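**Q** A single structure is presented below for examination.
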Amino acid sequence: MKPRSPVIAIIGAGSFSHGKKLLDDLLSVEELHSSEIRLMAPHMDHLRVVSQYAARVVDFNHLAVRIVSTTDRSEALQKANYVIGLFDVGGFPAFDADYRIASKYGLDLCIGDSAGPTGIMKALRNAAVLRELAADINRLCPDALYLSYTNPMAVTMMAADAFGLRRAVGLCGGAEATRRTIAACLGCKPGELDVDFAGINHMCWALSIRQDGEERYSLFRKNLAEPAFLTSERVRFEVMQQFGYFVTETSGHLSDFFPWFRSDEVLLQRYCSVEGYSGAKGAFHKYAQFVQRQIGQLDYLQFEEGKLPEPSDDYGARIIGALETGSAYRFVGNVMNRDGSLPNLPRDCCVEIPVETGAYGLVAPQLAPLPPQLAALTMTNVISQRLTLDAIMSSDPELVFAAIAVDPLTSATLDLPRMREMTGKLLAANSRFMPEIAEKGLRPTIAVKGSYIEEPAIDGQDSLFEIIREFHRRRQIRQGANPEPSPGSPPPNQ
């Protein structure tokens, strides 16, 4: 198939984490050398840095790619064939406020961008812009494929579907990073491994590991127990030990999702007394804070002359190239489970599974059910994700509280009154991003004085207890035993 000249719109193109890498990959695909790449961000600060870098790459490599920079989203989307979402509403300042509030209430988080109070607030902020973006896509380029890199991935994709973006896929580097981890542990190259992944984003399970057709899971389990690997993988190793399967993302990411690793100091010392994304407290917050302070408004790409690096193992550019030429390409993507690709997960959740490019777009195959223990573990996060989506669609702050309350780590760390108090502070801190939710406010609760144990019984409980006690006292008399005195009876020997 002769390639056309596709239009690729990147929304949030000033992204520090994805902007350069994605551009490098797009500009490395020969089939896209006649494309037009539109870089869009709401302001020119980092957008200018990325667009100037893109122009240098095009000139250095004598490419025919046309680079357009704009702060006008409608201009970027007009008749686009592909739309890529890199946006993060509120950026580090918003995440910083959320993280500090959660920490004040005793939550110890390593990453915090996908689950729990900080992940839920991030989803709510991004949904406000995604709603507008979806309306613009459906108006200006309704046939475009939407490729999302926005976290929290699962809720974002569920919201995109609810907003009418039916041609959409979420992309994450977790599966390929995990393939590299497994390969290093087995002493081989990542490309030599066939790994079957299925689950949800940031909790996608390696269901099988093969090399040259031979099973390698048992050897992987054995090797991962060695100190050289185990030190940075205590959480993922423990989950594999107890439930049988290895999971994507870092141990630090995974420790945020379950109640067994960060809910008290003993567990933190056992599983998370390591550096960085392997489990350290606030690892992502510290990294983002460092980037914010060191990069600021600097042109951090000014010393890049324009020579293209080797393509990364990111999927985005390869997907577009394959669709443009009609080639087959298989990757791990995030799509709605509408057709029951994972039959023992809900149809209205987003799953991360193998996806293939086809003549008419993307095809998600029908898979076997997840092992039941994995489906159960996965559902602990899906429940909170679905409540978050309900909160997005209804603007109901009580559903925000409910989503936070059922989060596994939060519920293992805080009681309900403190969770509600924390939710109120989070909503207040994010009020400018979601006024329709924050202005409603949480439902007031009735203050209860003293300990619940000290409160008097109601509805006749006292009299019922007395009847039962008197029954046992009389039975003891009939049996010749020395009964306990009834309440109000004089003490013995008086």
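Where a number appears in this text, it was derived from the coordinates with a stated rule and is not lab data. This is a predicted model, so every value here is computed, not measured. For neighbour counting, all protein chains shown are included, and Cβ atoms are generated from backbone atoms with ideal geometry for every residue, glycine included.
**Q** Can you flag which of Lys21/Lys286; Lys20/Lys104; Lys21/Lys104 are past 32 Å Cα-Cα?
**A** Lys20/Lys104; Lys21/Lys104
**Q** Using each residue's phi in segment 257-270, evaluate 6.51 cos²θ - 1.76 cosθ + 1.60 at θ = phi - 60° and report the 3J(HN,Hα) Karplus result to the nearest Hz, with x for Gly and Pro.
**A** 8, 10, x, 9, 10, 10, 7, 7, 5, 4, 5, 4, 5, 6
**Q** Using modelled backbone amide H atoms (1.01 Å from N, in-plane), which distant-in-sequence or interchain residues come within less than 5 Å of Ile200's amide H?
**A** Amide H to amide H, under 5 Å and 5 or more residues apart or across chains, Ile200 pairs with Trp205, Glu352.
**Q** What is the Cα radius of gyration of the chain over 2.2 N^0.38 Å, N being its residue count?
**A** That ratio works out to 1.17.
**Q** Then there is this: Long-range amide H contacts for Ser114: which residues qualify at under 5 Å (H placed 1.01 Å from N, peptide plane, sequence gap of 5 or more or a different chain)?
**A** Those qualifying (amide H under 5 Å, at least 5 residues apart or on another chain) are Gly119.
**Q** Which value results for Rg/Rh of segment 126-227 when Rg is the Cα radius of gyration and Rh the Kirkwood radius based on the inverse mean 1/r?
**A** Rounded to two decimals, Rg over Rh is 1.15.
**Q** Projected area of segment 132-178, taken from the Cα convex hull and averaged over every viewing direction, in nm²?
**A** The number I arrive at for segment 132-178 is 3.3 nm².
**Q** Also: How big is the shadow of the Cα convex hull of segment 342-418, averaged over all directions, in nm²?
**A** Answer in nm², one decimal: 6.8.
**Q** Let me ask something additional. Hey, what's the Cα Rg ratio for segment 286-329 versus the globular rule of thumb, 2.2 N^0.38 Å?
**A** Output field value: 1.78.
**Q** When the Karplus curve 6.51 cos²θ - 1.76 cosθ + 1.60 is applied with θ = phi - 60°, which whole-Hz ³J(HN,Hα) does each residue of segment 55-64 get, with x for Gly and Pro?
**A** 4, 5, 5, 4, 5, 4, 9, 6, 8, 8
**Q** With each run of n ≥ 4 DSSP H residues scored as -39500 (n - 2.57), what mean residue ellipticity at 222 nm is computed for the chain after dividing by its residue count and rounding to the nearest 500 deg cm²/dmol?
**A** My calculation for the chain gives -14000 deg cm²/dmol from helical runs alone.
**Q** Ok, one more. Past the 22 angstrom mark, what percentage of all C-alpha to C-alpha distances in segment 27-116 do you count?
**A** Distances greater than 22 Å cover 47 percent of the Cα pairs.
**Q** Here's another thing I want to ask about it. Using modelled amide H (1.01 Å from N, peptide plane; none on Pro or chain starts), what sits under 5 Å from the amide H of Val247, excluding residues fewer than 5 places away?
**A** Ala206
**Q** Which Cα, out of Phe237, Ala80, Pro311, lies furthest along the positive dipole direction of the chain (beta carbon charges, K/R +1, D/E -1)?
**A** Phe237
**Q** Follow-up. Go through segment 335-345 residue by residue and turn each phi into a ³J(HN,Hα) via Karplus (6.51, -1.76, 1.60, θ = phi - 60°); whole Hz please, and just put x for glycine and proline.
**A** 9, 5, 8, 3, 8, x, 4, 10, x, 9, 10
**Q** Taking the Cβ-Cβ separation of Ile295 and Lys189 as r and a Förster radius of 41 Å, what is the calculated FRET efficiency to the nearest 0.05?
**A** 0.75
**Q** Provide Rg and Dmax in Å for segment 1-73, with only Cα atoms included in the calculation.
**A** Answer for segment 1-73, Rg first and Dmax second: 11.7, 39 Å.
**Q** Along the positive direction of the dipole of segment 249-346 (beta-carbon charges: Lys, Arg +1; Asp, Glu -1; about the Cα centre), which of Val332, Phe258, Gln302 reaches farthest?
**A** Phe258
**Q** Let's test this: bin the Cα-Cα distances of segment 196-297 at 5 Å from zero up to the farthest pair and state each bin's percent.
**A** All Cα pairs considered, the percentages come to 2, 12, 19, 21, 17, 12, 8, 5, 2, 1, 0.
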